[in-house]
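One structure is given here, and the rest of the page talks about it.
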Amino acid sequence: MAHDSPRLFTIPSGTPFLDALAGTLLADPTLGGCFGAGVELPDITILLPTRRAVRALSDAFLRVGSGRALLLPIMRPLGDVDEDELVLDVTSQPSASLALPPEIAALERQFRLARLILDLDETEEGADLTRALALAADLGRFLDMALTERVALTSLAQLVPEEFAEYWQITIEFLKLLTERWPEELAKLGLMEGTARRNALLESQAAAWTQTPPTKPVIAAGSTGSIPAAADLLAVISRSAAGAVVLPGLDTELDAESWNAIGAKGTESHPQYGLKKLLMHLRAERDDVALWPGMEAAPARRARVRLLSEALRPADTTSLWRSRLDLLKPEADAALEGLSLVTAPTQREEAGAIALLMRETLGTPGKTAALITPDRALGRRVAAELRRWGIEIDDSGGEPLAHTPPMIYLRLVAEMVAEDFAPLALLAALKHPLAGLGHTARLRDEVRRLEHLVLRGPRPAPGLAGLRAALVEKRAAAEAREAPVKDFAGLDSLLDRLEEALRPLLDLNGREAPVEHVARVHVAAAEALASRGEDRASELWAKEEGDAASSFVADLIEAAPTLGACDLETYARLFFELGMTRALRPRFGRHPRLFIWGPLEARLQHADRIILGSLNEGTWPAEANIDPWLNRPMRAALGLEPPERHIGLSAHDFAEGASAAEVVLTRALKVEGAPTVASRWLLRLQSLLSGLGRADALDAPNWSGWAQKLDEAGDIAPVEKPHPTPPLAARPDGFSVTEIETLIRDPYAIYAKKVLNLRPLEPIDADVAAAERGNIIHSALENFARAYPQGLPANALDELVRIGRETFAHALDRPGVAAFWWPRFKRIAAWIVDYEDKLRVDVKRVHAELKGSIEIVELGRVIRLVGKADRIDERKDGTVAIIDYKTGGMPSLRQVEVGLSPQLPLEAAMAARGGFAEIGKATASALLYLRLTGGEKAGETRAIAPEGLVDETYANLVALLASYEDEATPYLSRPRPMFEATYGDYDHLARVKEWSSAGGGE
């Protein structure tokens, strides 16, 4: 039996919806006689919007029932249904219309759509699997939207092509894939779109209850009817004798003029738009909706609801504000009680303030708090901040599956092989906690040594063969310098074991294979690498994240045959991107009183303190989506809702949340360094409050400042400048001429290097551009000088270029070298050959890279000084010219004269004392810097007059070394900072920034 008028109720905004629903049904299951005498709680069926709402209502019954044992109503989700959860008719016999094909799995749908896209694209260049998968995901979302709104996509063909630009014509033709090929594909598979199947189930339920109305009570609660098929079912339930519909937060305070304006074009972003549209669908007026039995909103809550209703009224009726202000002023205090705003400088401070608010909540026994925000980044930040107190919080949005340890490990294994064991990719995979390779501790030790001995510095050649070659080269270099080689032990075995574990995956690298096969081999290799002795990868699939990763991999392998073949690099990309589309929501171990909800998950939920976060334009509300497939006229022609409809749903979520008893609104002035604009709803509210003379009414305590103080250090006395004074026996007894300059400029660096025996580590996968350019140019000039020590050949430039090409040969396969270094070297060569004519006018012989040493005996112990001159020219008059090549900057004349750059004068002093055996004792008649850049000015010279300077520099050296023979002389850090580089290798050890800043911050 059906009613002529619908039975509709509403639970006011600000009232805990599910608690109110449960409380009334516990007190009177008949709803004041609406359902007839004798109805008990278990007789009632309640349809709710989501599964989360179903769980929350169960908790609400227990909470309102004080935890006593109860036989609960039948509770079912309305928007996520299957056959097992529908109550079709009084005979419980399934309708014939429910003989529906199974739903196609989401991953299989995406893969099959991608395959269709690739088939369309196969004749075009650039057909790409990852691009096709992304396009398929967009197509799937469009299809879901069209099916949800029950729009016939066959109407695409009726859009007159002449009305639109050629681009849109192409788009419409492309979308025919959904209207022609995709239905055929589904029919061939015997499967059905999930959204279409849901619609069919809801329609079947509506048809069943229309034909045979339910005899036991059915209540649809909390739905706004945003799904048309659900709205049809709500219409049937509302007019059934045993049915009732309970609307969430219908605005009964809004004036009639404004209410009537809602529903017109341009009002889709109003919070009541969805409910107004539903009431129109139900053929009901707002006056037909009764207050849920037992509900009488507190004056303060009604005042808040009226305030928000006024603030968010339709734009066309904001002119009524002026006349409404006098009505709002008497209840302004009640409306604003418990409502405040926290504005933070950045999102980090916003997250800190929210975390502090939530932590403070726990100080009140039993009190709960929830952050509601669409901003997942803010949610993650708040969760991280709460961990300082050991609090693990439930984020209803979960975290992307791709960010969980097992999925990260699986991706790193694929990337390691795809990138041919590039150092960073190799270390990322082998240092992951899940990597074991038979014995975890042994692997950790071997990988640390491999990093230190082989992977630091320029990148080895590709693949395991390149690593083996680099290992041989590094071991040979260590033996040549008589360094210990015991640390190389076991590294050959590591590479052998790694190759054995990854062999099937290695065979795939560089070629395409079916995605299903790549996935199986990938998982097998990852398991082998994760093995720990007898235990083969049990850690990889352990816990919730391991179980979720296992399920994802199984789904991937099951759906993969559709995709065809791909290479390992493409597979690694799609593995990550597909993992990002799934979320992991932990089931256990979260806090029972603190929550993080997205706006969707927050619907119908309640907490004692509500925090609405990220109230900035573009975040909440999000910008209206730009449809990549159809423009606005096309959408309207097809009957699709405008993009602003989603803003209306978000506005309703905001209004519901802001109506709670205690609400804190938060926003950040900057996000990721960019200024933000406050949410339109917040601006509306602030404008209204300004009109009420309460502009400062939302000001909250300084939660943001208090949160910052949690990490604020107290007054700290700056550390003293280091002044180590090691005993004489520990002080160095030998220096190179370049180390003398360091001893003058930064003695602490000498202490760290030669006393503490510390050396800076080379970067991993170092950029060879800066490291090798000078060495290669020096080597080329050295080889040229050794080839022609006494005279230049007639074709000197050609010869120097030829020698340079041979020297550059090992590096010319790198694009940067071929494009930049080599052209510069040829310009340097031309400049050098031209300048050599001047250099060699009176030269007898040229010596290149000449090593020398002398003993300084003027001190209490012998100090050895060593050096290597880039070039020494023996002149016919018996003197020498000492030349230093600079591929970077060169010292000024003043720096050489005052002793800050003593390299050339000290090499001259060594020559005068016979320190270079090949030339014997010789006086320097010229000191010369040659700066070689290969730029617009390929080279330049700077001559230093040696007369008097050489002896003075040597005397200063002896005095300097004598001072350090005194154990009381400290090795200071940067005693002359004005002459120092910006950063030295040992500055962090000397804590330079701490003592040089005089305790100041940035």
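Can you compute the helix-only [θ] at 222 nm over the chain? Use -39500 (n - 2.57) per DSSP H run of at least 4 residues, normalise by all residues, nearest 500 deg cm²/dmol.
Values: 38 runs with 439 residues, N = 1002.
So the calculated ellipticity at 222 nm is -13500 deg cm²/dmol.
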Between the alpha carbon centres of the range 752-766 and the range 333-388 the gap in Å comes to 46
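Sorting Ile46, Ile104 on the 10 Å Cβ count, fewest up front, what's the list?
On the way: Ile46 24, Ile104 21.
The most exposed by this proxy come first: Ile104, Ile46.
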Of the listed links Lys276/Lys367; Lys826/Lys886; Lys721/Lys886; Lys721/Lys851, those spanning more than 28 angstrom between alpha carbons are Lys276/Lys367; Lys721/Lys886; Lys721/Lys851
Compactness summary of the range 523-615: radius of gyration and Dmax from Cα atoms, Å, are 18.9, 54
Most packed first (mean Cβ within 10 Å per residue), the peptides 180-191, 195-206 order as 195-206, 180-191
So the pair-distance distribution of the range 614-654, from every Cα-Cα distance in 10 Å bins, comes to percents of 28, 46, 24, 2
Dividing the mean separation of Cα pairs under 8 Å (6+ apart) by the residue count of the chain yields a relative contact order in percent of 13
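For the range 257-383, compute Rh as the Kirkwood radius over C-alpha pairs and then the Stokes-Einstein diffusion coefficient at 10 °C and 1.306 mPa s; write the answer in µm²/s, rounded to an integer.
Estimated via Stokes-Einstein, D reaches 88 µm²/s.
Please express the shape of the chain as an equivalent ellipsoid: the semi-axes are the square roots of 5 times the eigenvalues of the C-alpha gyration tensor, given largest first in whole angstrom.
Numbers: eigenvalues 1107, 252, 155 Å².
In descending order, the three semi-axes are 74, 36, 28 Å.
Within 10 Å of each candidate Cβ there may be at most 16 other Cβ atoms; applying that plus a DSSP loop requirement, which GluC sites (Glu not before Pro) in the range 498-590 survive?
On the way: sites: Glu499, Glu500, Glu512, Glu516, Glu527, Glu534, Glu539, Glu544, Glu545, Glu558, Glu569, Glu577; in loops: Glu512, Glu534, Glu539.
Of the GluC sites (Glu not before Pro), the ones in loops of the range 498-590 whose Cβ has at most 16 other Cβ atoms within 10 Å are Glu512, Glu534.
Computed from the coordinates by the stated procedures, all read-outs in this text should not be read as laboratory data. For clarity, every value in this text was computed on a predicted model and none was experimentally measured. Methodologically, a virtual Cβ is constructed for each residue, glycine included, from the backbone with ideal geometry; neighbour enumeration extends over all protein chains shown.
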